[in-house]
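Each remark here refers to the structure printed beneath this line.
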Amino acid sequence: MTNKPHSHAQWSSRIAFMLAAVGSSVGLGNIWKFPYMTGESGGGAFVLVYLVCILLIGLPILMSEWLLGRLGQKNPISTMNRIAGRLKRSRAWVLIGVGGILAAWLILSFYSVIGGWALAYIRYSATATFTGLDGASVGTLFSDLLASPGTLLAWHSLFMVLTIAIVAGGVAGGLERASKILMPALVVLLAVLVGYAATTGSFAEGFDYLFRPDFTRLTGDVILAAMGHAFFTLSLGMGIMMAYGSYLSDDVNIGRTAMTVVILDTVIALAAGMAIFPIVFANGMDPASGPGLIFQTLPLAFGHMSGGVIFGTLFFVLLVFAAWTSAISLLEPIVEWLEEKTPLNRLQSALVAGAATWLLGIATVLSFNDWAAFMPFGMTIFDLLDYVTSKFMLPLTGLATIVFVGWFMGRDEVRAQLNMSGLAFAWWRFSARFVAPLGVAIVFVFGLLQ
Ligand code: TRP
């Protein structure tokens, strides 16, 4: 499979690597976050900027992370240390790895709470709670859940335990096998939901909302949000993909594989939007209702379609599964780092990292109820964690990554890794040196000066 000695095992096959990469990237970001951000930002203009950012910024950075990982063959911090050292570059590049681990901890702390909401919704749908509900009672169901710190904490704890269990055992073969069935099942179920949305009578309105940009809505903050989400949804800027890249064998074509992951991730997000917005408009709901959007719209669909109990339960099970595979990829780098830097073994590292994340998650739990009025910088703790990570940490580490690959690595080494034809490589290098870094810089300037 490879002609160069590697310091650790390779993915059993290209498909196993794809599953891990898709498992990390497809998650709550696509199905929960993308629709509500679109709604808060006013629709099509946000979607358009998001798509442009995915292609011009996300794709080249994804490729950079993979190629660095494949060259470095270690965790993100050691990888940067090793490559920067060999190229006689400053060891400060290691900060890319450090920033990633910090961001992972912050993101997973709230990600797990939302994963807990999805768990709660498995239970609601399995017990036929949605049957016959109208818009108002679906709203009450959700706000009652948020108002109860004890319930939120219980589900958050369960989600965290599930995540720790897998990471503690090493990435299990069973998970890989399950992904092969459950990920496609998620896509099928989303298609069913889009089909249902088409029967609501507001499909065209939903479609227009997503795809007809209203440029008057395009503020600096919307642009920054769209770029931040491009990083979030592709799991970029945290060294996750770098860590995965270290398992990539030399015969895998990075460009083609990255394109596949990007397309899948984007199609799933857009399908979620097409399922949700027609329901929003058909029921006179507010698209800008925030993080509760999918939890207040999809139950309406499940409550009214035939077989809704089964479809609803299945949907939330699959949502939890998608969230779970992403959460694993968030916990993994923290655990790997603890394992290497401290005397703790893998199980102990997983427990310590998981406990620290669980603890921070309590702040998010309380930010929806008892601490809702506590607003440092004018945001709740949940909003603040999301803001700092998606809008700053991910883009900044992502920027550093691509600047390193574009400007500080040898042209030939990069070309050999990417294995592209002359023209494609010339375009790639131009993107990596100019388009992507300038894109990130411009979005920052607009987003912050608006
Ligand atoms: N991409 C995942 C999602 O869309 C979330 C995620 C997993 C993530 N790993 C990440 C985000 C690393 C940023 C960085 O739900």
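The values are calculated or read from the model by the stated rules, or taken from the named source; none is laboratory data. The structure displayed is predicted, hence computed values, not measured ones. With ideal geometry, Cβ positions are generated from the backbone for all residues, glycine too; neighbour counts draw on all protein chains shown. Ligands, DNA and RNA are excluded from the accessible area calculation, which covers all protein heavy atoms including side chains. Shrake-Rupley method; radii C 1.70, N 1.55, O 1.52, S 1.80 Å.
Points to keep in mind about this one:
- Couplings 3J(HN,Hα) for region 322-327, derived from phi with the Karplus relation 6.51 cos²θ - 1.76 cosθ + 1.60 (θ = phi - 60°), are 4, 5, 5, 5, 6, 4 Hz, where x marks Gly and Pro.
- Axis angle, to the nearest 10 degrees, between helix 135-147 and the longest C-alpha principal axis of the chain: 60 degrees.
- You can think of it this way: the chain between D370 and S421 has 12.6 nm of extra reach, that is 0.36 nm per residue less the Cα-Cα gap.
- Note on the chain: Cα Rg divided by 2.2 N^0.38 Å, N the number of residues, gives 0.95.
- Between the C-alpha center of region 345-423 and that of region 113-176 there is a gap of 23 Å.
- Per-residue HN-Hα couplings for region 329-334 [Karplus 6.51, -1.76, 1.60; θ = phi - 60°; Hz; x = Gly/Pro]: 6, 7, 7, 3, x, 5
- Taking all protein chains as they are arranged and a probe of 1.4 Å, the heavy atoms of M285 leave approximately 40 Å² accessible to solvent.
- At R0 = 25 Å, FRET efficiency that the Cβ-Cβ distance of D134 and F211 yields, to 0.05: 0.30
- Computed extension gain for I263 through A185, at 0.36 nm per residue and net of the alpha carbon distance, reaches 26.4 nm.
- Bridging of K341 to lysines at a Cα separation below 25 Å is possible for K74, K88, once same-chain residues fewer than 8 apart are set aside.
- Ranking by accessible area, most exposed first, for K33, K341 with a 1.4 Å probe: K341, K33
- Gain in span if fully extended, T127 to L87, counting 0.36 nm per residue against the direct Cα distance: 8.5 nm
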